[in-house]
Each structure stands twice: as C-alpha cells, then as structure tokens.
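Where a number appears in this text, it was derived from the coordinates with a stated rule and is not lab data. Computed from a predicted structure; not experimentally measured. Here the Cβ positions follow ideal geometry from the backbone for every residue, glycine too, while neighbour counts run over all protein chains shown.
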Amino acid sequence: MKFDLTPSRVFLIVLSVYVIFLFVDLGYEGLWAKAGGFFGVSKYFRGDSYRYSQLAKALTEGRLHIFDSVDEIDELSSLSLGVGDRVYIQQSPGISFVAAPFYLLFGDFGVYFASVLVGFLTCLNIYFLAGFFVSKRSASVTCLFFGLGTYLLTYSEYVFNDVLTAFLVSASLLYLIKYLRSNCKKSLFLSGLCGGLVSFAKPSVAVLPVLFLVYLYLKKGVHPAAYYTIFFILGLIPFFTYNSFCFGSPLQSSFNSVLDEVDGKLYTVSLTGPMTWRNNPLNFITMSIIFLLTQPITFLALIGLVKWRDDIAYLVVASFLVLGGLYSIWFGSVGLLCWGWRHMTPLLPLLSIPAAVAYEKKLIPHNIVWILFYISVTVTVISLYPLTWHVFTKYSIIENMQYQPHPLLPHNPIN
C-alpha cells in the first residue's frame, strides 16, 4: 500500500520531528546552560540564542534590555571579540517578545517551545505559498522538504530571530500573492503589516518587503503600492517604539547599543574594519556556496529558477542578490571573509516556490529529488550539534575586526 503524502500527514510529520528534536536538544544540553562545551568545543554559536532567551525573561520582569551582571552573560556566551567588559547587551527583540508569554507559562521550556512553534508555522506558510503555484501533493512535498531539510529545523531548535523573520517574510509574501489573485484588501493590509514587523525581528531583512513593494507596483500600479506602504509603516511602529523606549531614539537600535568600559567611562562601540570591496564578491560567492552546499535541497530551487519562466521567479532572484549583497558588503566592511548561513534563512520561503514548481514539472527525476532530500536532512540534523559550527567558526577570518569607541549618548538608559 502506497503511503500518500497528504497535507495533514505532512503537517503531523513535520510537527512531530520539530517537537522530538526539541526534547532531544533540551535533554542533551540541559536547557542549554550558558557555559561548558561538547567534545571540547565551546558553544560560541549559542551566544545569541542564550541572549534572546535571557531577553525574553527580562521582558517578563519589565526590562527592555539585558545586562552582563544581572543576566549572567559572560564573555563566552556573548561572543566578545576583544571588548573588555560588555556591561550592557541588547538583541533585536522580536523572538524574545514572542517567547516571553511562553516563559511566564512554562519557564525555560516555554522559551524554546515558542521558537519551535514559529518554525512549524513557517513550514505551514511554505505549504500555502507553494499551493498558489502547484498541486496540493507537490505543495505537501515541498513543505516536507524545506521543513526537515533546511535550517528552518536547525534554527527552530534555538531561540533565534532568523526563523521568526522567515515566518514574517513568508506571511508577507503569502498575503501579497493572495491579494494579487483575489484583490482582497485585507490581504494587502496583512502583507504590508507583516513586512513592517520584519524590522522588529531583523531590521536588515526589511529590504525584502521593500522588494515586495516594487513587485506590487509593477503588477498593480501606484494605488495598491501606496496602501502597502502605509500598512508597512504601521508595521514599523513596534520597532521604532521599542527603540525609543530602550535607547531614547527611534533609529538607535541594537546595532549600536553594545557598551564598553574604558578607564571607568562607558562608550558605545561599533564594529569596524577595512572596507575591502575586492573581498565583497568573494564574500557573496562563499556565502552562496555555503548556503547551497549545506542545504542541498535548495538545488531544486535553482533548477526551477533556470527552467521556469514566471515574474515571481525574478522576485526570488532579486531577493537573493539584494540580501546576499547587503550582508556581503557589511561583513566585508568589518574584515570577515566568510559568514554564517543563518542570515539567509529568511530566503527559504521564497526559494520553496521554484523548488515546488521544479518538483511538480519533474524538471529533475523524483528519485534524484529524494536523494537530495535524504542528504539535506542528514546535513541539517548534523548541524544541530556544535562540531559543525566549530569548523565554520574556525575558518571565518576575524583578525581584521576592530571595535571603534564612541561617546555614550546622553539619552542612553545606562545614564
């Protein structure tokens, strides 16, 4: 009897795997204590995850930021690369705000469960996104592939903003396509709102909703684009409000909030390094290779983009180039030759569309597709553990990275 991949069965499979790995990781790492290691490998890569969880707990106490001394953030878990005493640390607050109610209800377990829940909902969005272009079966297969064979699974098991960003990007695109198909104003409102909320999780990824705006303008003209812009600005309000309360200015964000103590005085510090434009193309190439090789199922998306002629394919390509170029320039400016695949996670929902088309049209044989799936799942599961991350961190060039001190702004809450 042939097992049919119906949507309900796929959703159950994906949810089960996400929850199983949640309990495996929690039991394996003891709720990810901030210090220690595994096979002698320090947990550098869990610094951000730990800080997001600590910020969620701080929010339940009425604090908008976290401190070294109060929240037990040490040099190891904060990934300090030369700053003397990081007395004040703040993270983009998106996933922490989502996790805070779960922490009140379930404690530490609730923080990580919230992250898993966001990951699972992102997989559902992938299914509905693909469903606009392919059959239910192909959409189900795509949901299964991208849910289990990419870093949506990996980062759902940590407390990271990247999966929340992927969820918001996928929701924004989902409602945008729904609006283009039905002219439903509610869908346009939700698309713009989700696009604006991306900034609350990861401000740099807000370039993707801006591309959605350009796409909408080209498809529908000025008036829908104007409405989308208004709704997008509404979505920015939580980001600007948080910054105003936390830093005293709507544009003062987490990227310039790290403090250093020098001779008893506090300074804001920022990353600096030689702007090596020559390295930027190399940055983009290494990023692309890492992103594709560590998630082999995305090769299916490449095949779809090469063979499939549709205007949404151009939006996917533009999104990849713009976001990849943005990070390549930034990381090149601080002296990093190679950088993490995590930053491109929000692109996975977009890549799932051409992948679904490639599967449905049998642009490559299905037995090859399933081989890619098995390889992808294996790589993704392995990536849940420290050794893989240690290899990557070891070969990231950070020697040229420096910290530039700036006088502490009068409105900074530390004052």
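What the table shows:
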{"quantity": "MET287, MET344 arranged by Cβ crowding within 10 Å, fewest neighbours leading", "calculated": "MET287, MET344"}
{"quantity": "Burial order of peptide ranges 377-384, 142-149 (average beta-carbon count within 10 Å, highest first)", "calculated": "142-149, 377-384"}
{"quantity": "P(r) histogram, all alpha-carbon pairs of the range 169-230 included - 10 Å bins from 0, percent", "calculated": "26, 60, 14, 0"}
{"quantity": "Fewest-first ranking of HIS343, HIS223, using other Cβ atoms within 10 Å as the exposure measure", "calculated": "HIS223, HIS343"}
{"quantity": "Span from the the range 122-146 Cα centroid across to the the range 347-388 one, whole angstrom", "calculated": "13 Å"}
{"quantity": "Prolate/oblate/rounded call for the range 128-199, Cα gyration tensor, a/c under 1.5 rounded", "calculated": "oblate"}
{"quantity": "FRET efficiency estimate (nearest 0.05) - Cβ-Cβ, ILE368 to SER16, R0 22 angstrom", "calculated": "0.25"}
{"quantity": "Cut-off 12 Å between beta-carbons: net charge of the residues surrounding VAL369, Lys and Arg +1, Asp and Glu -1", "calculated": "+1"}
{"quantity": "Of LYS57/LYS136; LYS57/LYS219; LYS219/LYS362; LYS136/LYS219; LYS220/LYS307; LYS202/LYS362, those spanning more than 32 Å from alpha-carbon to alpha-carbon", "calculated": "LYS57/LYS136; LYS57/LYS219; LYS202/LYS362"}
